Structures are given as C-alpha cells and as structure tokens.
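Following: one structure in structure tokens, then a few remarks.
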Amino acid sequence: MIISHKHKYIFIKPTKVAGTSLEVALAESCGKEDIITPITEYSESSDDDRYEHLARNFDGYYNHLPPSEIKKKIRNDTWNNYYKFTVIRNPWDQVVSRYHWEKYRTEPDLVFNYFIENFEQKWTNTRFYFNAQGKLICDYYIRYENLYRDYKQVCDHLGIPNAKLPRLKSKHRKNRRHYSKYYNKKTRKIVRELFIKEIECFNYQFQET
C-alpha cells in the first residue's frame, strides 16, 4: 500500500493480484514523506532483502489495509483529491493463486476442492473495490490480465517513471496450468457466488482453454 504525497496518489493493495510487484515498482519514484508498507508474509528472502529498504513512514499501516481504514487515517482532502487506483483479477484465477499460496505456506497436501468448499470470506477482495454503499472506490482499476499496459497508463497519468515491474511471490507456484483445469461445476459455482459483485461489475467470465 502506498500513499504518495509527492505524486498525489493512493495505491490500494488487495491480495493475490501482483500487488507487491506494483508496490515495489511504484516505490522507486516515491518521496521521503510518502507512506510505503513493507513486504510481509514472504519467504523468498533474496527479494525480501533487496526491497526491504523501500518501506517508510508506515507506522499504523499494513500492506493490505482496506480503503475504509485508509480513509480513517488520512485527511478528507487527501482522500478526496488524490488519485486512487488498485488491481483487479479474474476471481477464478485469483482463487487458484490463493490456493497455491496457502499450500506453499501452511498445507503442502491441501486439496483444491476442499480448499474451495472451505474458502474464507476474508480472502475475497470485495472490500478493496466497493464501499459500504456498494459504490466503486477507485479512480482506476488495473486489470491483472493487462498488467503491464494498465500499469504504464497509470504512470503516464501521474507523470512518474515507468519502472520495470519485478516478478515477486511467484516461486511458490510450480504448476502453471490454466485456472480452468482446477475446477468442476460445483467449485466453479462456489467461486461465482463468493465473487459475484466483482464478476458482474468488471465483466469477468470463466474461460476455458
């Protein structure tokens, strides 16, 4: 998560959407007074050490802080006037990414169907995209599927350098099958029901290979 007073933007960081890669790239052009949260829950130590110095002024903040909490911590004029952006991702693909992350971190023998049937609501990103009234929060939504193009568009809009996006938190996923290969009709439906708001708002579909 970044609040850049230098460039007048707020980068809201959901989970499992390449948020850390974007955060690291954006941090390269941040000022000394900007707020940048540290990388956490991360064991790829070489990357951890390389980017640890970028975090600053984050007391009271954490990397996946929801917008409702960010809003409480900053001035109203900052929230209202800064350019707010975040990242969205096809929910079925995002859930597969979450599955591999949980498998890597805690449960090496985790079965996908069991994971879906016991999926925790806290793992959805709805609160990062919509406010309590159901309205969209941000000015711009980078699509994970068009990550580099949309990231460049944000940089151009803000007038900041288009720093190279590092590929982070990807080593834990060994299997690169298309997400559709993981699902059956039941698990596909469960994900749709959990993420219905994002699916309908951002026109996501379950795509076969």
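Look at (1) surrounded by fewer than 19 Cβ atoms within 10 Å (Cβ to Cβ); (2) assigned to a helix (DSSP H, G or I) and you find that residue 133 fails only one, number (2). Here residue 209 qualifies as without any contact (Cβ under 8 Å) to a residue 40 or more places away in the chain and hydroxyl-bearing (Ser, Thr, Tyr).
I need the full set of residues from the stretch 120-130 which are in contact with a helix residue (DSSP H, G or I) (Cβ under 8 Å, 6 or more places away or on another chain), closer than 26 Å to residue 208 by Cα and surrounded by fewer than 18 Cβ atoms within 10 Å (Cβ to Cβ), in order please. Across the stretch 120-130, the qualifying residues are 121, 123, 126. Could you tell me whether residue 85 is touching a Ser or Thr at 6+ places or on another chain (Cβ under 6 Å), surrounded by 13 or more Cβ atoms within 10 Å (Cβ to Cβ) and either at pLDDT 95 or above or part of a loop (DSSP other than H, G, I, E, B) (or both)? So residue 85 fails the test.
Restricting attention to the stretch 155-186, which residues are within 30 Å of residue 3 (Cα to Cα) and modelled with pLDDT of 80 or more? Once the filter is applied, which keeps residues that are within 30 Å of residue 3 (Cα to Cα) and modelled with pLDDT of 80 or more, the stretch 155-186 yields 155, 156, 157, 158, 159, 160, 161, 162, 163, 164, 165, 166. The sole residue among 190, 142, 199 that is in contact (Cβ under 8 Å) with a residue 24 or more places away in the chain, of a type in the set (Val, Ile, Thr) and not in a helix (DSSP H, G or I) is 142. Comparison of 147, 158 shows that the only residue that is within 14 Å of the chain's Cα centre (by Cα) and buried (at least 16 other Cβ atoms within 10 Å of the Cβ) is 147. Per this entry, residue 149 is not counted among residues that are closer than 30 Å to residue 208 by Cβ, touching a residue at least 24 places away in the same chain (Cβ under 8 Å) and either part of a helix (DSSP H, G or I) or hydrophobic (A, V, I, L, M, F, W, C) (or both).
Residues are listed down the side, and each one gets a yes or a no for (1) within 19 Å of the chain's Cα centre (by Cα); (2) within 29 Å of residue 69 (Cβ to Cβ):
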residue	(1), (2)
118	no, yes
122	yes, yes
153	yes, yes
165	yes, yes
180	no, no
184	no, no
194	yes, yes
201	yes, yes
206	no, no
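The values are calculated or read from the model by the stated rules, or taken from the named source; none is laboratory data. Not measured: the values here are computed from a predicted model. Note that we place each Cβ from the backbone using ideal geometry, even for glycine, and neighbour counts take in every protein chain shown.
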